[in-house]
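Just below is one structure, and these are the notes that go with it.
Just so it is clear, none of the values below were taken in a lab; they were calculated from the coordinates. Note that the coordinates shown come from a computational prediction; the quantities given were computed from them, not determined experimentally. Cβ placement follows ideal geometry from the backbone for every residue including glycine, while neighbour counts extend to all protein chains displayed.
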Amino acid sequence: MNRIIYLFVALIYIQPLMAGNTVLFGSISGTVKEKTDGKPIAGASISIPDLKIGTFTDAEGNFTLNFNSKGLHLVEISFVGYATVYKTIDLNKTSTLDIQMSISNIETDEVVVTGVSRATELKRTPIPIVALSKTFLQEHAAATNIIDAVANVPGVSAVTTGPNISKPFIHGLGYNRVVTAEDGIRQEGQQWGDEHGIEVDQNSIDRVEIIKGPASLSYGSDAIGGVVNLITPSPVPQGKILGYVSGIYGTNNGMINSSVRLQGNENGFVWGLQASQKAAKDYQNERDGRNWATNFNEKDARVMLGLNKKWGYSYLNASLFDDLQAIPDGSRDSATRKFTYQITDADTTRPIVSNSMLNSYSLPTLHQHVQLYRIYDVSSFALGNGNLNVNLGWQYSHRREFTHPTAPDIPGLNLQLTTYNYDIKYNFDLGGYETSVGVNGMYQNNALGYSTDFPIPAYHQFDIGAFLVEKKTYEKFDLLGGVRFDTRSFSGQGAYIDTSVAYYPSLYKGPNPTTTPNVALQFSPLNKTFSGLTGSIGATYNVTDHFLVKANIARGYRAPSIAELSANGPDPGSQIYHVGNSNFKPEFSVQGDFGVALSYPFLTASVSFFDNNIQNYIFQEQLLDANGNPKRVNADGSPNPNGQYSEFSYVQSKARIDGGEAYLDIHPVSWLHFENALTLTYGTNLSNGGHAPDSLKYLPFIPPLHTHTELRTVDSKKGFGRFKKGYIYVGFDHYDAQNRFFAAYGTETYTAGYNLLSAGLGVNLVNAAGKNIVQLFIEGTNLANINYQSNMSRLKYFDNPVVPPGIQPGMFNMGRNITFKVIVPFDLSPKNS
């Protein structure tokens, strides 16, 4: 940690010295006018996203933007009520820029920064990317975490373990196959676990960009399925000090989510503060009432200090995520089917959970405590004919799961993961080609703190990858490609476990583990090195201004995770005893993507297809006992038909995942949208040459066919008196039955189909001067109060080992929930700003 802090301090002190020796390369001047009548547009925003600089037009529509870079860059011109204009210009040659803007009330294209060398207009990148705006996130107030907010995007889903634990899946791939990043710095916790959520404050995220498919060129191993990049707020305008206070309340589980944000910008010194707290009781549904041990209490804080000067920019970020989360197991009373809870380690009898416990915000004795401390710096320096980007990060993830009812202070699981991230790349123009060359990776150290459960060993890991990306833009044609080579080295530490104290095993640190009684080998020493070559090439052809075609083919690579190689122990939060295999090979995939899109003032439509073939695909299957029943074991791995854990083993096979998405938005008038989306994903196990028996034919955790239909009205530009930017919508989601599941060994079971009804509305209240006073949002989910189980929910399998005939086992998803959200903005800027 000290080394990272010293490096950050050095950057802060070096940058002013660089500024003294750096001169502005030039400036762009111009005007912004209406296309129809040529009238100037005052207050239009002109920005260069790559350089994090911008300005506004004056009363006559004129602007001047100084810059300190060279080469090709995207300029974005936007104003409320007008279609956003994008221009890619050569800063070496361009000094004037006159823009004409057209009135438009439909959604505009987005600028994306994830997985590309420079900011790129979304419709021009061949990589399948979706961008979600701040408005989208604000309107999805019912989401209890940031992954839930994006999980219904076509092609995206989430494996969940209760309301506050969600892991992203993209085109049927998740866990260590999808990289979750914050401002481009990859998030590192314990991604291998089912119940290990994403340690990010949802209130601190203003934008999300998702790569749907192999993104190994930019992020290396673990991005074989895609990337979810969570982007924090942009700096506020020069001279401003802005902020807001927000509050959310959910009726189903009494969720209270409050947050305060404050940001400032003075002469290039930018800063931001945010603090949040979120708490909820057990959620409820009509079938079981409140579902025991699904409550949580989360606290978050972050601070940002940055400089935006002639030499470039540098933003130093620090954040804390602190979450207390109950651990459910779904156990029931055999006579009444009411929830019960564990009171002793022997677990011979369980009392029924009282109503007061079900309605409490207090966490039960059995819970997990997850903390993530993070410091990272994102910098860009003007250098030669381009920009040198240097991103450095330090993360400390501390996960404890308290699983002993009579010893609540002794953790069952205690994992301490330290990660150092580095990402250095140089973006420049090479004869009309946008070029990016660089190196990135990470160093990790996982330590085992004092505990009684040991699912994975202590280990060291080092990743390094070098890459080259080229992009060429013609008038209607964009070509993007690149290559990368990665190496990952593991060094797992051997460990012996002392089992002399019942229910409280411990790491043995004595001199003679092989001859000491009650001492057993838990982990053998492990040293592994994996390497992989990846590549990607794709093209976008804008046939007309309204019709485009995209195609991309990519080779992905993923080294096995430490859990897949070495796991040998229980994970209390998921109720699984994991068993790894040190002989695994790395995964390699080849994915092809093809899509077409239409965009007219009255209609927007797109269709896309993907086909992904994976060699050495790793997944988990449940083991069976001698009688052919799902194997149950105690925490030490000993067989017990009534044991707390189901035993799962990692296996490897060939696999194929294919499918597609379709989207249609009909908007015959500016205030009405009829949106429709369809997502279909098939996952096939190709073991035995593709002739596996039916129970082995499909891959686990593949989402079923999902359709979404939404009728939405949006406020006209004028609004109604003091009420502006209002909207109202009614949504309908259909999920097919999932009968294509991995049935072997009882790993998965059939999931019935279901339909969900939702609705929402929102409006801005303004004062006489037209400034926002308050934003109001109301959202209702599962309005018909349907009892359903998602096949992507781990709670579907939480129940007694033996369930009476005729009863659907497991815990059901949340019932009807009405969410109210209020945002009160404030302005503390000096009066002369």
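Report, to the nearest 10°, how far helix 2-20 tilts away from the longest principal axis of the Cα atoms in the chain, using its own Cα long axis and a range of 0 to 90°.
0 degrees
Only sites in a loop by DSSP and with at most 14 other Cβ atoms within 10 Å count here; which chymotrypsin sites (Phe, Trp or Tyr not before Pro) in the range 472-531 make the cut? Kindly include the intermediate steps, with their values, before the conclusion.
Numbers: sites: Tyr474, Phe477, Phe485, Phe490, Tyr496, Tyr503, Tyr508, Phe523, Phe530; in loops: Tyr474, Tyr503.
Passing sites in the range 472-531 are Tyr474.
Could you name the lysines in cross-link range of Lys528, using Cα to Cα under 28 Å and dropping any fewer than eight places away on the same chain?
Hits, sequence-local ones excluded: Lys167, Lys425, Lys509, Lys585, Lys654.
Can you give the Rg and Dmax of the chain based on its C-alpha atoms, in angstrom?
For the chain, the Cα radius of gyration and maximum Cα-Cα distance read 27.0, 91 Å.
With only alpha-carbon atoms counted, please give the Rg and Dmax of the range 709-769, in Å.
In Å, with Rg to one decimal and Dmax whole: 20.9, 67.
If you consider only alpha-carbon coordinates, what radius of gyration and Dmax does the range 578-643 have, in Å?
According to the Cα coordinates of the range 578-643, Rg and Dmax are 22.6, 65 Å.
Taking every pair of alpha-carbon atoms in the range 303-442, give the share separated by more than 21 Å as a whole percent. Please list the in-between numbers first.
Values: 6137 of 9730 pairs.
When all Cα pairs of the range 303-442 are counted, 63 percent exceed 21 Å.
For the range 188-249, compute the orientation-averaged projected area of the C-alpha convex hull (one quarter of its surface), in nm². Intermediate results must be reported in sequence, preceding the final value.
Values: hull surface 27.6 nm².
In nm², the orientation-averaged hull projection of the range 188-249 is 6.9.
For each pair in Lys87/Lys212; Lys52/Lys309; Lys134/Lys309, compute the distance between the two Cα atoms and list the pairs where it is over 22 Å.
Numbers: Lys87/Lys212 26 Å; Lys52/Lys309 10 Å; Lys134/Lys309 26 Å.
With Cα atoms farther than 22 Å apart: Lys87/Lys212; Lys134/Lys309.
List the lysines whose alpha-carbon lies under 17 Å from that of Lys831, not counting same-chain residues fewer than 8 positions away?
Lys240, Lys771
By its C-alpha gyration tensor, with a ≥ b ≥ c as the square roots of the eigenvalues, how is the range 607-681 shaped: rounded for a/c under 1.5, else prolate for a/b larger than b/c, else oblate? Kindly include the intermediate steps, with their values, before the conclusion.
On the way: a/c = 5.23, a/b = 2.42, b/c = 2.16.
Judged from the Cα gyration tensor, the range 607-681 comes out prolate (a/c at least 1.5, a/b above b/c).
For a quick protection proxy, order the peptides 256-264, 764-772 by their average other-Cβ count within 10 Å, most packed first.
Values: 256-264: 18.6, 764-772: 11.9.
Descending mean neighbour count gives 256-264, 764-772.
What chymotrypsin sites (Phe, Trp or Tyr not before Pro) in the range 739-809 are in a loop by DSSP, with at most 15 other Cβ atoms within 10 Å of the Cβ?
On the way: sites: Phe741, Phe742, Tyr745, Tyr750, Tyr754, Phe777, Tyr788, Tyr797, Phe798; in loops: Phe741, Phe742, Tyr750, Tyr788, Phe798.
Those satisfying the criteria are Tyr750.
Based only on Cα atoms, what Rg/Rh ratio does the range 514-592 have, Rh being taken as Kirkwood's radius? Show your work: numbers first, answer last.
Working: Rg = 22.0 Å, Rh = 16.9 Å.
In the range 514-592, Rg relative to Rh is 1.30.
For the chain, what is the mean residue ellipticity at 222 nm derived from helices alone (per DSSP H run of n ≥ 4: -39500 (n - 2.57); sum divided by total residues; nearest 500 deg cm²/dmol)?
Helix contribution divided over all residues of the chain: -1500 deg cm²/dmol.
Please report Lys550, Lys310 as a ranked list, fewest other C-beta atoms within 10 angstrom at the top and most at the bottom.
Working: Lys550 23, Lys310 17.
With the sparsest Cβ surroundings first, the list reads Lys310, Lys550.
Report the FRET efficiency, 1/(1 + (r/R0)^6), for Arg350 and Glu286, where r is their Cβ-Cβ distance and R0 is 25 Å, rounded to 0.05. Intermediate values should be presented prior to the final figure.
Numbers: r = 24 Å, r/R0 = 0.97.
Calculated value: 0.55.
Output needed: percent of Cα pairs per 5 Å distance bin for the range 627-670, bins running from 0 to the one holding the longest distance.
Final binned percentages: 5, 13, 13, 9, 7, 8, 8, 7, 7, 6, 6, 5, 4, 0.
Can you tell me what the convex hull of the Cα atoms of the range 242-320 projects to on average, as an area in nm²? It would help to have the intermediate numbers written out before the result.
Values: hull surface 26.4 nm².
Averaging across all directions leaves 6.6 nm² for the Cα convex hull.
Viscosity 0.890 mPa s, temperature 25 °C: give me the Stokes-Einstein translational D for the range 128-228 in µm²/s, with Rh taken as the Kirkwood radius over C-alpha pairs. Numbers along the way, then the final one.
On the way: Rh = 13.3 Å.
Translational diffusion coefficient: 184 µm²/s.
Considering all projection directions equally, how large on average is the shadow of the alpha-carbon convex hull of the range 420-536, in square nanometres? Walk me through the numbers before you get to the answer.
On the way: hull surface 41.8 nm².
Mean projected area for the range 420-536: 10.4 nm², to one decimal.
Please compute, over every Cα-Cα pair in the range 738-829, the percentage with a separation greater than 18 angstrom. Write out the running numbers ahead of the final one.
On the way: 2647 of 4186 pairs.
Summing the P(r) of the range 738-829 above 18 Å gives 63 percent of all pairs.
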